[in-house]
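First comes the structure, then the notes that go with it.
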Amino acid sequence: MHARIHPSILAADFANFERELSRITTADMVHVDVMDNHFVPNLTFGLPMVQRLVQVSPVPLDVHLMIENPDRWAVGYAEAGAASVTISVEAAGDPVEIARGIRRAGAKAAIAVKPGTDVEPYLATLEEWDMILVMTVEPGFGGQSFQTEMMPKVRRTAEAIAASGLDVRLQVDGGIASGTIAEAARHGADTFVAGSAVYGSDDPERAIAELRAEADAALSTPAH
Ligand code: DX5
Ligand code: ZN
């Protein structure tokens with residue numbers, strides 16, 4: 001299993017997304033944080049922006065929905081051409097039904113759990129998800145500190161995925177940088193969102209390569 005790096009354009013220059021995307025062509029996907037100022041106290045962009053980003057991005061889109069009522073909106077992001085659509089499970093009426101709709105529209109379906117949300121109920125329906133996102137910060141803003149306390153949740157999720165034999169990725173998002181990426185990888189995360197750590201660098205593609213190498217090294221030496 002190789003580590004996947006998904007830079008978050010939340011940390012990019014909002015006036016120059018096409019140029020900013022051209023700086024991360026070696027990323028596995030680009031992470032797109034959709035926030036509605038209701039589910040989280042911050043506002044970014046919505047479907048028209050994602051439709052356009054799909055057209056200009058050199059890498060597939062990993063759309064992270066931090067919005068109320070994903071039951072109404074999530075499938076539209078899959079139809080827009082996002083490769084993966086993650087819903088915030090706390091906002092979802094029927095997460096399984098949403099996931100099925102996302103998959104029918106041709107995208108991967110994922111759920112995110114906030115730091116205070118128990119992942120356990122969702123581990124019983126792993127076949128419905130292509131990825132689980134364990135948030136390592138409170139969703140809403142980039143540049144926050146990684147919450148080490150989430151590592152038992154990451155570990156538990158990784159164990160449930162391994163036991164299932166299913167092809168489900170395990171993503172972490174928030175405060176991922178050199179050091180924290182290795183910690184998350186040792187606990188079983190395999191897909192890493194990094195905003196500040198990539199776009200805060202003078203050379204985003206070098207930052208991607210360094211993060212990937214650090215995670216790959218940690219994945220081959222898991223913690224016990
Ligand atoms: C936070 C977002 C993250 C954010 C991460 O709510 O979901 O994707 O962009 O930013 P960093 O990597 O700076 O913590
Ligand atoms: Zn995110």
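The values are calculated or read from the model by the stated rules, or taken from the named source; none is laboratory data. Quick caveat, the model's predicted, so the values are computed rather than measured. As a convention, Cβ positions derive from the backbone with ideal geometry for all residues, glycine included, and neighbour counts pool all protein chains shown. Accessible surface is based on the protein model in full, side chains and every heavy atom, while ligands, DNA and RNA are left aside. Shrake-Rupley method; radii C 1.70, N 1.55, O 1.52, S 1.80 Å.
Summary of computed values
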read-out	value
Over the chain: helical MRE at 222 nm, DSSP H runs n ≥ 4 each giving -39500 (n - 2.57), nearest 500	-10000 deg cm²/dmol
Cβ-defined net charge surrounding P204, 11 Å radius [Lys, Arg +1; Asp, Glu -1]	-3
Packing-based order for 134-140, 3-9, using average beta carbon neighbours within 10 Å, highest first	3-9, 134-140
Descending principal axes extents, the chain, alpha-carbon based, whole Å	45, 42, 30
Binned Cα-Cα distance frequencies in segment 124-224 - 10 Å width, integer %	16, 47, 30, 6, 0
Accessible area of segment 4-219 belonging to carbon and sulfur atoms, whole % at 1.4 Å probe	49
Spatial separation of Cα centroids for segment 78-150 and segment 30-47, in angstrom	14
Gain in span if fully extended, N37 to M1, counting 0.36 nm per residue against the direct Cα distance	9.4 nm
Accessible area in square angstrom per residue, the chain, 1.4 angstrom probe	42
Accessible-area value, F45, 1.4 Å probe, nucleic acids and ligands omitted, Å²	20
Tail weight of P(r) past 20 Å, computed on alpha-carbon pairs of segment 104-175, percent	28
